[in-house]
Amino acid sequence: MNKETEYDYGTSGGIKITEELIEKYVREAEEGYDISELKPLGRPLNVDGVLEVVPVRMEEGMRIAIRERAIKDGTTGSDIIRKAVKAFLHIS
């Protein structure tokens, strides 16, 4: 395969996977990472107890805006929605 070969899959952000991209990530991994710069994985801890899943229907435009804001803030869509609801209800 040449360096511009694209696979039939990509990242969740829509970036196409190429040999060049894989080689870039391999080089980065071999050089090592500063773990202090990595964001934590998994669901955020909740000091208020167990979180309940609440399905909500919303327009595509709103879902896109939530996802974009979550990416910008380095968080999840669920966190953006929780913050918005808390602000609307004036609770902390």
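Points worth noting:
- Exactly one residue among Ser36, Ser12, Ser78 is assigned to a loop (DSSP other than H, G, I, E, B), among the hydroxyl-bearing types (Ser, Thr, Tyr) and either at negative phi or loosely packed, with under 11 Cβ neighbours inside 10 Å (or both), and that residue is Ser12.
- If only residues of the stretch 16-40 that are basic (Lys, Arg) and over 20 Å from the mean Cα position of the chain (by Cα) are counted, the one that is farthest from Thr75 (Cα to Cα) is Arg27.
- Just one residue in the set Arg27, Arg43 is exposed (fewer than 11 other Cβ atoms within 10 Å of the Cβ), of a type outside the set (Ser, Thr, Tyr) and at pLDDT below 90; that residue is Arg43.
The values are calculated or read from the model by the stated rules, or taken from the named source; none is laboratory data. These numbers come from a predicted model, not from an experiment. Positions of Cβ are generated from backbone atoms using ideal geometry, with glycine treated the same way; all protein chains shown enter the neighbour counts.
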